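The values are calculated or read from the model by the stated rules, or taken from the named source; none is laboratory data. Every value quoted in this text rests on a predicted model; they were computed, and no experiment measured them. Here the Cβ is made from the backbone with ideal geometry for all residues, glycine too, and neighbour counts use every protein chain on show.
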Amino acid sequence: MAATEGFTGAEIKRLVEDTKALYAFDRKTYRAPRTATEYFSEAAGAVRENKQRYDQAEAAARPRARSGRNYYPYLPEPHED
């Protein structure tokens, strides 16, 4: 299905779990059940949004330069050659 294009195995596992949770929520709250495709599409959209947020956060964290501060004061400073 095109909705899962590029998903990893872990993301597909999350997709299945979210799909089941959406169905269970509708059952518990006495809502009319939707088709499996509707649950699947909603869960796939949520997983894709989370994947995009993670990718953006990772990209924003990459360019930060290290301060050079020794976070372990009990270790000697590294020597640069």
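Computed quantities for the displayed model
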{"item": "Candidate set from the range 10-39 (those that are surrounded by 10 or more Cβ atoms within 10 Å (Cβ to Cβ) and polar (S, T, N, Q)); member that is nearest to Arg53 (Cα to Cα)", "result": "Thr19"}
{"item": "Near pairs, Cβ below 7 angstrom, 6+ apart or cross-chain, from the range 25-42 (under 26 Å from Glu5 (Cβ atoms) and hydroxyl-bearing (Ser, Thr, Tyr)) to any residue that is surrounded by 14 or more Cβ atoms within 10 Å (Cβ to Cβ) and at pLDDT 95 or above", "result": "Tyr39/Thr19; Tyr39/Leu22; Tyr39/Tyr23"}
{"item": "For Phe7: the one exception among (1) loosely packed, with under 10 Cβ neighbours inside 10 Å; (2) modelled with pLDDT of 85 or more; (3) assigned to a loop (DSSP other than H, G, I, E, B)", "result": "(1)"}
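This table checks each residue for (1) assigned to a loop (DSSP other than H, G, I, E, B); (2) of a type in the set (S, T, N, Q); (3) over 16 Å from the mean Cα position of the chain (by Cα); (4) at pLDDT 95 or above.
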{"site": "Asp18", "(1), (2), (3), (4)": "no, no, no, yes"}
{"site": "Leu22", "(1), (2), (3), (4)": "no, no, yes, yes"}
{"site": "Arg31", "(1), (2), (3), (4)": "yes, no, yes, yes"}
{"site": "Tyr39", "(1), (2), (3), (4)": "no, no, yes, yes"}
{"site": "Asn50", "(1), (2), (3), (4)": "no, yes, no, no"}
{"site": "Asp55", "(1), (2), (3), (4)": "no, no, no, no"}
{"site": "Ala60", "(1), (2), (3), (4)": "no, no, no, no"}
{"site": "Pro63", "(1), (2), (3), (4)": "yes, no, yes, no"}
{"site": "Arg69", "(1), (2), (3), (4)": "yes, no, yes, no"}
